[in-house]
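Q: Dropping the structure in here first, questions after.
Just so you know, all these numbers are worked out from the coordinates, no wet-lab data involved. Since the structure is predicted, the reported quantities are computational estimates derived from the model, not experimental observations. Cβ placement follows ideal geometry from the backbone for every residue including glycine, while neighbour counts extend to all protein chains displayed.
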Amino acid sequence: MILHSIDRQIINHLQGGFPLTESPWDELARQLDIPIDEIICRIERMTTEGVLSRFGPIYNAEKMGGGLTLAAMKVEPERFDEVTEIVNAFDEVAHNYARQHELNMWFVIATETPEKINEVIHKIEQQTGLEVFNMPKQEEYFLELKFEA
């Protein structure tokens, strides 16, 4: 897909955040000088076509009383699709990535309470017959990484 200059403008602007106001779309349209309908259509199109992987808020589960961890599994190549389906069926699994590593499946688990992480891991192990390696973060760093579109 070839990005129009308006698409680039929207992407570059939104990397700084979405307006947290009573009327965020009105505010965004004012900031960009682009009609609301056009902004929404372009965001929907870019998401549908895979230019944007997602559009939505990112919540800090831990600050909201929940649990968050990175998990990994060693999955035989012939079972990878099957195990991916099982893991992705859990509402608590946010991201799931294949990696070139002995532990070749990595995913994020976000739960309503920290204690529930072990429950989810146990259920995944039961359903797949594979060990899940729990890798909770020890320290958090914030990098405000932005790419000019």
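Q: Helix-only mean residue ellipticity at 222 nm, the chain, DSSP H runs n ≥ 4 weighted -39,500 (n - 2.57), per residue, nearest 500. What is it?
A: -11000 deg cm²/dmol, from helical runs alone.
Q: Give me the extension gain from ASP26 to TYR59: residue separation times 0.36 nm, minus the current Cα-Cα distance, reported in nm with one decimal.
A: Residue separation times 0.36 nm, minus the Cα-Cα distance, leaves 9.6 nm.
Q: Now for a different question. So if each residue of separation counts as 0.36 nm, and I subtract the Cα-Cα distance between ASP81 and GLN100, what length gain in nm does that give?
A: In short, 5.3 nm is gained.
Q: Right, something else. Return the distance in nm (one decimal) between the two label points of a simple spin-label model at ASN134 and PHE147, each offset 7 Å from Cα along Cα→Cβ.
A: In this crude label model, ASN134 to PHE147 measures out at 3.3 nm.
Q: Okay, moving on. Using all C-alpha to C-alpha distances in the stretch 5-48, build P(r) with 5 Å bins and read off the rounded percent in each one.
A: That works out to 5, 24, 36, 28, 8, 1, in percent per bin.
Q: For the chain, what number of Lys pairs, 8 or more residues apart or on separate chains, have alpha-carbon atoms under 28 Å from each other?
A: Counting lysine pairs in the chain gives 10.
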